[in-house]
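All remarks here apply to the structure that follows.
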Amino acid sequence: MSTAKQVITCKVCWGAGEPVKVEEIQVDPPKATEVRVKMLCSSVCHTDISSLKGFPHNQFPLALGHEGIGVVESIGDEVTNLKEGDFILPTYIGECGECENCVSGKTNLCLTHPVRLTGLMPDNTSRLSVKGQTLYHVLSCATWSEYVVVDINYLVKVDPTINLAYASFISCGFSTGYGASWKEADIQKGSTVAVFGLGAVGLGAISGAKMMGASEIIGVDKNVMKKEIGEAFGMTHFIHSNVPNKSASDLVNEFTGRGVDYCIECTGVAPLLTQSLEATKVGTGKAIAVGMGVELVVPFGLLGIQFGRTLKGSVLGGIKTKTDIATIVNKCQKEEFPLQELYTHEVPLVDIGKAFELLKEPNCVKVVIKM
């Protein structure tokens, strides 16, 4: 087992709102229940952009990235379920299978291995340092790095033959949307669904709604170029939301006559939280809040929920990391999703700054970071 520190290249943000840049950092060897991972491929998620603005924590310097796939380089003394050479997906939720939440069957939010919002490992220290300073990460690790150390409870082993870019997509974004339709909304066959925002998360939600047997899947986006890709994933109708003096909920209600059974909100744009609820049917409608913006307190229209609708929050789309990700990986291996449609751009790690500009392009869905 490797024990020496390695000087490797990692993306580091030196303060809220500052441009990202490449730095040489030190990555410590893993502790007892950790592994050190050589990242093979990563991708950009909206949460990485939010982290530059101080979400989910304000700890800097910050090593970015949480989507990706890597190979185990070395293991801690107490690790028995992984070995050097295993391919893994990093996750930001664990699944102990024994806590109250895990055994309830109602949620994926494990109490033993929860979402970490401190930028540190479970023991509240970091294996990363830069210029003598502690280096923080966004969630459980930092995938925009050549090497990173991860606690074994936040890793999922996968088949080494999986397409690396596709594996990166399903490590967070696509699976989050897919799970929102599958696990959180539990969409009933023959029902109607609206999806707000047709990025990777929204396209995952469309795929999940299609798998669950929805009869009508309406994609809502201000970018008309998303119509074609939405249809590739199973969308039946498209609403262009960039209409003056009309909200997204107005447009959905006009199109359907009385709203949809379910709405999956994937943007994190504050006003769309209320609008996603108001786009559903009075008395029975259900909205799933998936997108997360940087505003932790947002305005909310009380009447939207007062008239019998249900609003549910979601983390990773309700996906359990050990139980459910394997199902999604299997579907990926069988090419049940057109994930090639997500792969629109790529950049090498050293040019990561270009990724943020590419995301502004109307035809951009996912930017892959090549290690």
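The values are calculated or read from the model by the stated rules, or taken from the named source; none is laboratory data. Every value quoted in this text rests on a predicted model; they were computed, and no experiment measured them. Glycine also receives a Cβ, built like all others from the backbone with ideal geometry; neighbour counts cover every protein chain displayed. With ligands, DNA and RNA removed, areas are computed over all heavy atoms of the protein, side chains included. Shrake-Rupley method; radii C 1.70, N 1.55, O 1.52, S 1.80 Å.
With +1 on the Cβ of every Lys and Arg and -1 on the Cβ of every Asp and Glu, and nothing else charged, how large is the dipole of region 273-371 about its Cα centre, in debye rounded to the nearest 20?
Taking the Cα centre of region 273-371 as origin, the dipole is about 440 debye.
Could you grab the relative contact order for region 148-250? Cα pairs under 8 Å, six or more apart, rounded to a whole percent.
22 percent
Using R₀ = 35 Å, calculate the FRET efficiency as 1/(1 + (r/R₀)^6) where r is the Cβ-Cβ separation of residue 100 and residue 294; round to 0.05.
On the way: r = 31 Å, r/R0 = 0.88.
So the FRET efficiency works out to roughly 0.70.
Give, as a single signed number, the net charge of other residues whose beta carbon lies under 12 Å from the beta carbon of residue 217, with Lys and Arg counted +1 and Asp and Glu -1.
Result for the local shell: -2.
Using the alpha-carbon centroid of each, what span in Å lies between region 293-316 and region 45-103?
What the calculation gives is 28 Å, centre to centre.
Please compute P(r) over all alpha-carbon pairs of region 133-184, binned at 5 Å starting from zero, and give each bin as a whole-number percent.
Result returned by the calculation: 4, 14, 20, 27, 20, 10, 5, 1, 0.
Find how many whole Å separate the alpha carbon centroid of region 348-362 from the alpha carbon centroid of region 140-177.
When both Cα centres are located, 20 Å separates them.
Counting only C-alpha contacts under 8 Å and six or more residues apart, can you give the relative contact order of region 111-176 as a whole percent?
Numbers: 47 pairs, mean separation 16.5, N = 66.
Rounded, it is 25 percent for region 111-176.
When we measure straight from the Cα of residue 21, which lysines land under 22 angstrom away, once same-chain ones fewer than 8 places off are left out?
List returned: 5, 11, 38, 53, 131, 354, 360, 366, 370.
If each residue of separation counts as 0.36 nm, what is the full-extension length gain between residue 354 and residue 302 once their alpha-carbon separation is subtracted?
So the chain would gain 14.6 nm between residue 354 and residue 302.
Only Lys, Arg, Asp and Glu count, each charged at its Cβ (+1, +1, -1, -1), so figure out the dipole size of region 1-115 about its Cα centre, rounded to 20 debye.
That gives a dipole near 300 debye.
I'd like the accessible area for residue 294: 1.4 Å probe, protein heavy atoms, all chains in place, Å² to the nearest 10.
70 Å²
Subtract the Cα-Cα distance of residue 117 and residue 7 from 0.36 nm times their separation in residues, and report this length gain in nm to one decimal.
This chain segment gains 37.0 nm when fully extended.
In nm, what is the difference between 0.36 nm times the number of residues separating residue 77 and residue 330 and their Cα-Cα distance?
Between residue 77 and residue 330, full extension yields 88.0 nm more.
Output wanted: per-residue J couplings in Hz (rounded whole) for region 83-98, from phi through Karplus 6.51 cos²θ - 1.76 cosθ + 1.60, θ = phi - 60°, x for Gly and Pro.
Calculated HN-Hα couplings, in order: 9, 4, x, 5, 8, 9, 9, x, 10, 10, 10, x, 8, 7, x, 10 Hz.
If packing is taken as the mean number of other Cβ atoms within 10 Å per residue, what is the order of 359-365, 215-221, 27-33, highest first?
Final packing ranking: 215-221, 27-33, 359-365.
What does the charge count around residue 358 come to, taking other residues whose C-beta lies under 12 Å from its C-beta (Lys +1, Arg +1, Asp -1, Glu -1)? Each step should come with its number before you reach the end.
Values: positive: 354, 360, 366; negative: 346, 351, 357, 361.
Local charge sum for residue 358: -1.
Relative contact order, percent, of the chain when contacts are C-alpha pairs under 8 Å separated by at least 6 residues?
Reported as a whole number, the value is 17 percent.
Give, as a single signed number, the net charge of other residues whose beta carbon lies under 11 Å from the beta carbon of residue 243, with Lys and Arg counted +1 and Asp and Glu -1.
For residues surrounding residue 243, the net value is 0.
Just the accessible area for residue 100, please: 1.4 Å probe, Å², rounded to the nearest 10?
Taking all protein chains as shown, residue 100 has close to 140 Å².
With +1 on each Lys and Arg Cβ and -1 on each Asp and Glu Cβ, and nothing else charged, work out how big the dipole of the chain is about its Cα centre, in Debye to the nearest 20.
Value, rounded to 20: 460 debye.
Per residue of the chain, what 222 nm ellipticity follows from adding -39500 (n - 2.57) for every DSSP H run with n ≥ 4, rounded to the nearest 500? Walk me through the numbers before you get to the answer.
Details: 11 runs with 82 residues, N = 371.
Helix contribution divided over all residues of the chain: -5500 deg cm²/dmol.
Taking the alpha-carbon distance from residue 183 and a cut-off under 19 Å, which lysines remain once sequence neighbours fewer than 8 residues away in the same chain are dropped?
Cα-Cα hits under 19 Å: 106, 210, 286, 312, 320, 322, 331.
For residue 136, tell me the accessible area in Å² from a 1.4 Å probe, rounded to the nearest 10.
40 Å²
Among 257, 208, 119, determine the one that fluctuates most according to a GNM of the chain built with springs between C-alpha atoms less than 10 Å apart.
257
For the chain, build the charge dipole from Cβ charges (+1 Lys, Arg; -1 Asp, Glu) around the Cα centre, then report which of 316, 340, 237 sits farthest towards its positive end.
The one lying farthest along the dipole's positive direction is 237.
Can you put 278, 78 in order of accessible area, largest first, using a 1.4 Å probe? Intermediate results must be reported in sequence, preceding the final value.
Details: 278 65, 78 125 Å².
If we order 278, 78 from most to least accessible, we get 78, 278.
Dipole of the chain (Lys/Arg Cβ +1, Asp/Glu Cβ -1, origin at the Cα centre): which of 168, 56, 276 lies farthest to the positive side?
Comparing the listed Cα positions along the dipole, 276 ranks first.
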